[in-house]
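What follows is a single structure, written as structure tokens, with notes after it.
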């Protein structure tokens, strides 16, 4: 599956773009640009890293729409929560489908 090109957060459409050139450092996998409503993902990384990074950046984007800057989670907290949730949902697709309301109805 290819990287989605947008996501709606609190009624605002955020652009999602694959862009290796915009990364600040070699260890940066993605960025949330709240002023531009844009999320950048380094598309030279393995696909699982891109997926985990998108989830991480979605936490930042959601916070930027809802939480005052001084009250936001730290980078370490976002990293922990996003990585934990990514692992749980990736390893348990039935749980992910249930949470998202995508479970198959059993006759």
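The values are calculated or read from the model by the stated rules, or taken from the named source; none is laboratory data. All of these numbers come straight from a predicted model, not from anything done at the bench. All Cβ positions, glycine included, derive from the backbone under ideal geometry; neighbour counts span all protein chains shown.
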Notebook entry, point to check: In the range 1-17, what residues are touching a strand residue (DSSP E or B) at 6+ places or on another chain (Cβ under 7 Å) and not in a loop (DSSP other than H, G, I, E, B)?
Noted result: 6, 7, 13, 14, 15, 16, 17
Next item on the list: Mind counting the residues in the range 18-39 that are modelled with pLDDT under 95, part of a strand (DSSP E or B) and closer than 23 Å to residue 89 by Cβ?
Entry: 4
Notebook entry, point to check: Going by the structure shown, is residue 85 in contact with a helix residue (DSSP H, G or I) (Cβ under 6 Å, 6 or more places away or on another chain), in contact (Cβ under 8 Å) with a residue 24 or more places away in the chain and not in a strand (DSSP E or B)?
Noted result: no
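With the condition kept exactly as written, say whether any residue in the range 40-60 is part of a strand (DSSP E or B), touching a strand residue (DSSP E or B) at 6+ places or on another chain (Cβ under 9 Å) and surrounded by 12 or more Cβ atoms within 10 Å (Cβ to Cβ). Break it down into steps so the answer makes sense when it comes.
Keep residues of the range 40-60 that are part of a strand (DSSP E or B), which gives 40-41.
Of the ones still in play, those that are also touching a strand residue (DSSP E or B) at 6+ places or on another chain (Cβ under 9 Å) are 40-41.
Of the ones still in play, those that are also surrounded by 12 or more Cβ atoms within 10 Å (Cβ to Cβ) are 40-41.
Scanning the range 40-60, I find at least one residue that is part of a strand (DSSP E or B), touching a strand residue (DSSP E or B) at 6+ places or on another chain (Cβ under 9 Å) and surrounded by 12 or more Cβ atoms within 10 Å (Cβ to Cβ), so the answer is yes.
Do the conditions hold for residue 27, that is, is it touching a strand residue (DSSP E or B) at 6+ places or on another chain (Cβ under 6 Å), exposed (fewer than 15 other Cβ atoms within 10 Å of the Cβ) and farther than 18 Å from residue 59 by Cβ? Please lay out each step first, then the result.
On the way: touching a strand residue (DSSP E or B) at 6+ places or on another chain (Cβ under 6 Å): no; exposed (fewer than 15 other Cβ atoms within 10 Å of the Cβ): yes; farther than 18 Å from residue 59 by Cβ: yes.
It is false that residue 27 is touching a strand residue (DSSP E or B) at 6+ places or on another chain (Cβ under 6 Å), exposed (fewer than 15 other Cβ atoms within 10 Å of the Cβ) and farther than 18 Å from residue 59 by Cβ.
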Check: Do we have any residue at all in the range 88-95 that's farther than 20 Å from residue 10 by Cα and not in a helix (DSSP H, G or I)?
Finding: yes
Next item on the list: Output the residues belonging to the range 77-98 that are exposed (fewer than 12 other Cβ atoms within 10 Å of the Cβ) and more than 15 Å from the chain's Cα centre (by Cα).
Entry: 91, 93, 94, 98
